[in-house]
Amino acid sequence: MADDPQELLTAAGAVMRHAHVPYSGFSVGAALRGQGGAIHAGANVENASYSQTQCAEASAIGVMVAAGETRITAIAIVAEKLEHCPPCGGCRQRLSEFAAADTPVYLGRPGSEPLRTTLGELLPLAFGSGALSS
Ligand code: THU
């Protein structure tokens, strides 16, 4: 499947509208292209016990794994209040479990040119499964 940032950004923007953000008011949506071509999307889910909040990327990973996929070929992240919302450190690590260093990451909004980076640029020297078998 071709890497289509607009399709991914549209999916991320749509799921972002379902974010549960009563505490921060900061809605985020993430969309992951699975190896089979399907899009898996999720939004952030906050909790009154603040530290139990789940980021949009983690939600999308859960959707992808539940669909039976474990490889990501492209990532898009959309936030309502920030034009280019970078994934937090924890989510960079979560995404690296399923994506390669050259996997494109699009930060932006549907209908505009996104900022394009890669997971390797966002998380250099990533700790991965290879380290455990060394
Ligand atoms: N958030 C995400 O969903 N993804 C990130 O990578 C950064 C932060 C959410 C968590 C929380 O609900 C809100 O943004 C403010 O931190």
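The values are calculated or read from the model by the stated rules, or taken from the named source; none is laboratory data. Note that the coordinates shown come from a computational prediction; the quantities given were computed from them, not determined experimentally. All Cβ positions, glycine included, derive from the backbone under ideal geometry; neighbour counts span all protein chains shown. SASA here: full protein model, heavy atoms, side chains in, ligands and nucleic acids out. Shrake-Rupley method; radii C 1.70, N 1.55, O 1.52, S 1.80 Å.
What the phi angles of the stretch 34-46 give under the Karplus curve with 6.51, -1.76 and 1.60, with θ = phi - 60°, is a coupling list of x, 4, x, x, 6, 9, 10, 10, x, 10, 6, 10, 8 Hz, glycine and proline written as x. Let me know the longest stretch in the chain that avoids all chymotrypsin sites (Phe, Trp or Tyr not before Pro) found in a DSSP loop with at most 16 other C-beta atoms within 10 Å. Counting only loop sites that pass the neighbour cut-off, the longest clear stretch is 27-126.
The charge dipole of the stretch 5-132, taken about its Cα centre with unit charges on the Cβ of Lys, Arg, Asp and Glu (plus for the first two, minus for the last two), comes to roughly 80 debye. Taking amide hydrogens as placed 1.01 Å from N in the peptide plane, the amide H of Arg71 sits under 5 Å from those of Gln35, each at least 5 positions away in sequence or on another chain.
Counted as membrane-span-like here are DSSP H helices of the chain whose alpha-carbon atoms extend 30 Å or more along the helix's own axis and whose Kyte-Doolittle mean is -1.0 or above; there are none. Our summary gives the chain a relative contact order of 22 percent, counting only alpha carbon pairs under 8 angstrom and 6 or more residues apart.
Seen from Gly89, the other residues with C-beta closer than 15 Å to its C-beta sum to a net charge of -1, counting Lys and Arg as +1 and Asp and Glu as -1.
Evaluating 6.51 cos²θ - 1.76 cosθ + 1.60 at θ = phi - 60° for every residue in the stretch 71-83, the Karplus couplings come out as 10, 10, 9, 6, 9, 10, 10, 10, 10, 5, 9, 9, 5 Hz, glycine and proline recorded as x. The mean accessible area for residues of the stretch 5-132, using a 1.4 Å probe and ignoring ligands and nucleic acids, is 49 Å² per residue. Which Cα, out of Gly34, Leu8, Ala79, lies furthest along the positive dipole direction of the chain (beta carbon charges, K/R +1, D/E -1)? Farthest towards the positive pole: Ala79.
Each residue of the stretch 126-134 was assigned a 3J(HN,Hα) from its phi angle through the Karplus curve 6.51 cos²θ - 1.76 cosθ + 1.60 (θ = phi - 60°); the sequence is 4, 7, x, 4, x, 5, 6, 9, 8 Hz, with glycine and proline shown as x. Where in the chain lies the longest segment free of trypsin sites (Lys or Arg not before Pro) that are both loop residues by DSSP (not H, G, I, E, B) and have at most 11 other Cβ atoms within 10 Å? Longest stretch, sites excluded: 18-80.
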